[in-house]
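The values are calculated or read from the model by the stated rules, or taken from the named source; none is laboratory data. Nothing here was measured: the structure is a model prediction, and the numbers come from that model. Positions of Cβ are generated from backbone atoms using ideal geometry, with glycine treated the same way; all protein chains shown enter the neighbour counts.
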Amino acid sequence: MNNSVTTESIAPLASEKTPEKAKTSNVITEENSDAYTTVGQAFSENAKMSMRNVNVFYDEKQAIYDVNLDIGTNEVVAMIGPSGCGKSTFLRCLNRMNDTIDTCKVTGKFLLEDQDINDRKMDVVPLRARVGMVFQKPNPFPKSIYDNVAYGARIHGLADRKSDLDDIVETSLQKAGLWNEVKDRLQQPGTSLSGGQQQRLCIARTIAVSPEVILMDEPCSALDPIATARIEELIDELSQNYTIAIVTHSMQQAARVSHRTAYFHLGKLIEVNETEKVFTNPDHGLTEAYITGRFG
Amino acid sequence: MDKLNIDQHISQQYNSALDDLKTEFLELGGIVEQQIVNAVKAITDVDTVLAQEVLMTEKEVDEREMQLDDLCTQIIARRQPTASDLRLVMAISKSTRDLERIGDEANKIAKMAIAISDSEDLPHGFSELRNLGRHVQEIVNDSLTAFARYDIDMALKVVNKDKEIDREYATAMRELITYMMEDPRNISRSMNVIWALRSLERIGDHASNISEQIFYLVKGLDVRHQTPDEMAQQVNKQRK
């Protein structure tokens, strides 16, 4: 396991350097962008997903540079970084969401347990049942609350009888912490719910198909603090049974919900470490600069 | 020399809040350092006016302590500091308490100075007091300088010097005990000197505590309850 290497091209923490040096080495330029090593603990002994040598291009433009990362079983990994750093692009690779973008080319290994999900022969429909996704804006189907949750279970043939489907809907809504609020109005449209409820509905819809991994792309950015707190509480509960990767712009959110935090910068995975370490004493100067608000 | 780059935030208000915090902390440090100098001088020169001056500074020290606490709380509430910013706020929050305690010990020495001035003959042990006082003032000064410069090596020196001060204190105590045993009439006046020595030794401990916080501030290392050797080892391990 190779998990704690630093590199000269991107400097370690500023406190080790003079301010001038730290400043210049904080900038990743075109010249030094090829060779770099992620600092900290990118690998897990109990990996659910293992990504190796991931490179992503949009046409000629490279969006992700040689990223290596494991996501452990039942672990919550938060991905943070400035806009355009590639964190969402990386997350979308984890269930082949980038397939829909013609100009996007993804290389590297993406092992979900032992299976390479980036294999072109892989059928993405069952894959997306195993690796579910929750998006930034709640996007319930224009159907009833019940049908929203039952939809995935129906198309994947998870329920033979109506009562099985009822069970799936109820347990999913319960796990998403929404059951008590909607149990008396399951036939009302999903869009009639509040934003926070809609997002929990989308989470219920995702877990209805019993995924192994849940990807969340800024799941709370459209929600108020109370709804956000509910979702964060839910993430904590879900992590008992699911593996979760979450992209967030809120560093406090990453600090609150995740076990490990990954910091992306200009398409590179700069540092991965225990969340507690990242927010009190990060290994890399760039991580430090970002989380303390020294550049945006 | 600002190795933690506290002036580099996007938010200028955040820069100035952290800068104010650090400045206020170092100012408080300057005040209590002067209290030590004055208190030791008051006792060895039998200068009650100077002793009164030390006692009058207590209120200001207390007020500044509360002000610093308030600043720390404000920054945590408004900015949710992380990484080195968080460590700065935590280190200052803890060290402020040590500075206030140093002020308290200086006050005790000043009170002993007044008590001694009431007795007729000069007690034994003034040269020890003077020496220990000088060394203690030095390490308080060094710990504040190390804090201002984020200087780990200097902080380690303070911790080492505090161990020397502990030895110096033990020697002085032995001497005074012998003196008291020679003639029990010496006991009451020697006790005042002993209390003052004890206060100085305590001040050394507080300076050492502040230095330990510098390890946390700069390196994120918790070196409390460690020997100087263990501290050095931890730092070297991290540097590798």
Legend entry - Counted residues, segment A:180-221 - those being surrounded by fewer than 19 Cβ atoms within 10 Å (Cβ to Cβ) and either among the acidic types (Asp, Glu) or closer than 19 Å to residue A:132 by Cβ (or both): 5
Inset, instruction - Kindly indicate which of A:162, A:175 is among the basic types (Lys, Arg) and more than 21 Å from residue A:234 (Cβ to Cβ). - result: A:162
Inset, instruction - With respect to residue B:20, determine if the residue is exposed (fewer than 14 other Cβ atoms within 10 Å of the Cβ) and either among the basic types (Lys, Arg) or over 18 Å from residue B:137 (Cα atoms) (or both). - result: yes
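Conditions tested, residue by residue: (1) of a type in the set (Ser, Thr, Tyr); (2) more than 13 Å from residue A:75 (Cα to Cα).
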| site | (1), (2) |
| --- | --- |
| A:232 | no, yes |
| A:251 | no, yes |
| A:258 | yes, no |
| A:274 | no, no |
| A:277 | no, yes |
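Does residue A:231 satisfy the condition of being away from chain B (no Cβ under 14 Å), among the β-branched types (Val, Ile, Thr), crowded, with 21+ Cβ neighbours inside 10 Å and within 25 Å of residue A:96 (Cα to Cα)?
Values: away from chain B (no Cβ under 14 Å): yes; among the β-branched types (Val, Ile, Thr): yes; crowded, with 21+ Cβ neighbours inside 10 Å: yes; within 25 Å of residue A:96 (Cα to Cα): yes.
For residue A:231, the condition - away from chain B (no Cβ under 14 Å), among the β-branched types (Val, Ile, Thr), crowded, with 21+ Cβ neighbours inside 10 Å and within 25 Å of residue A:96 (Cα to Cα) - is met.
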Inset, instruction - May I ask you to list the residues in segment B:210-234 that are under 24 Å from residue B:22 (Cα atoms), more than 11 Å from every other protein chain (Cβ to nearest Cβ) and touching a Lys or Arg at 6+ places or on another chain (Cβ under 8 Å)? - result: B:212, B:213
Inset, instruction - Keeping to segment A:250-282, report how many residues are among the charged types (D, E, K, R), touching a residue at least 12 places away in the same chain (Cβ under 8 Å), surrounded by fewer than 21 Cβ atoms within 10 Å (Cβ to Cβ) and more than 22 Å from residue A:225 (Cβ to Cβ). - result: 2
Legend entry - Residue under evaluation residue B:46, criteria (1) out of contact with any Lys or Arg (no Cβ under 7 Å at 6 or more places or on another chain); (2) in a helix (DSSP H, G or I), criterion not met: (2)
Legend entry - Residue list for segment A:252-268, restricted to those being more than 22 Å from residue A:237 (Cβ to Cβ) and either within 14 Å of chain B (Cβ to nearest Cβ) or more than 15 Å from the chain's Cα centre (by Cα) (or both): A:263, A:265, A:266, A:267, A:268
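So that you can scan it fast, the table gives a plain yes or no per residue for (1) more than 29 Å from residue B:169 (Cα to Cα); (2) modelled with pLDDT under 95; (3) buried (at least 22 other Cβ atoms within 10 Å of the Cβ):
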position	(1), (2), (3)
B:92	no, no, yes
B:99	no, no, yes
B:104	no, no, no
B:107	no, no, no
B:128	no, yes, no
B:139	no, no, yes
Inset, instruction - Would you be able to say whether some residue in segment B:73-86 is within 14 Å of chain A (Cβ to nearest Cβ), polar (S, T, N, Q) and buried (at least 16 other Cβ atoms within 10 Å of the Cβ)? - result: yes
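Might you check whether a residue that is closer than 30 Å to residue A:250 by Cα and not small (Gly, Ala, Ser) occurs anywhere in segment B:22-36?
The first filter runs over segment B:22-36 and keeps only residues closer than 30 Å to residue A:250 by Cα, leaving B:22.
Then drop every residue that is not not small (Gly, Ala, Ser), which leaves B:22.
Checking segment B:22-36: at least one residue is closer than 30 Å to residue A:250 by Cα and not small (Gly, Ala, Ser).
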Legend entry - Count of residues meeting criterion [within 14 Å of another protein chain (Cβ to nearest Cβ) and free of Cβ contacts under 8 Å to residues at least 40 places away in the same chain] in segment B:87-125: 0
Inset, instruction - Assess whether residue B:45 counts as being at pLDDT 95 or above and either in contact with a strand residue (DSSP E or B) (Cβ under 6 Å, 6 or more places away or on another chain) or not basic (Lys, Arg) (or both). - result: no
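Looking for whichever is more than 21 Å from the chain's Cα centre (by Cα) and closer than 28 Å to residue A:223 by Cα here; the options are A:158, A:173. Which one fits? Working first, answer last.
Working: A:158 fails: closer than 28 Å to residue A:223 by Cα.
After ruling out the rest, the residue left standing is A:173.
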Legend entry - Number of positions in segment B:109-126 that are in a helix (DSSP H, G or I), surrounded by fewer than 20 Cβ atoms within 10 Å (Cβ to Cβ) and of a type in the set (A, V, I, L, M, F, W, C): 3
Inset, instruction - Within segment A:241-250, identify whether any single residue is within 24 Å of residue B:75 (Cα to Cα) and within 11 Å of another protein chain (Cβ to nearest Cβ), and answer yes or no. - result: yes
Legend entry - Verdict on residue B:57 being more than 14 Å from chain A (Cβ to nearest Cβ), touching a helix residue (DSSP H, G or I) at 6+ places or on another chain (Cβ under 6 Å), surrounded by 13 or more Cβ atoms within 10 Å (Cβ to Cβ) and touching a residue at least 60 places away in the same chain (Cβ under 8 Å): no
Legend entry - Test: residue B:128 is touching a residue at least 12 places away in the same chain (Cβ under 8 Å), under 20 Å from residue B:228 (Cα atoms) and out of contact with any strand residue (DSSP E or B) (no Cβ under 9 Å at 6 or more places or on another chain): no
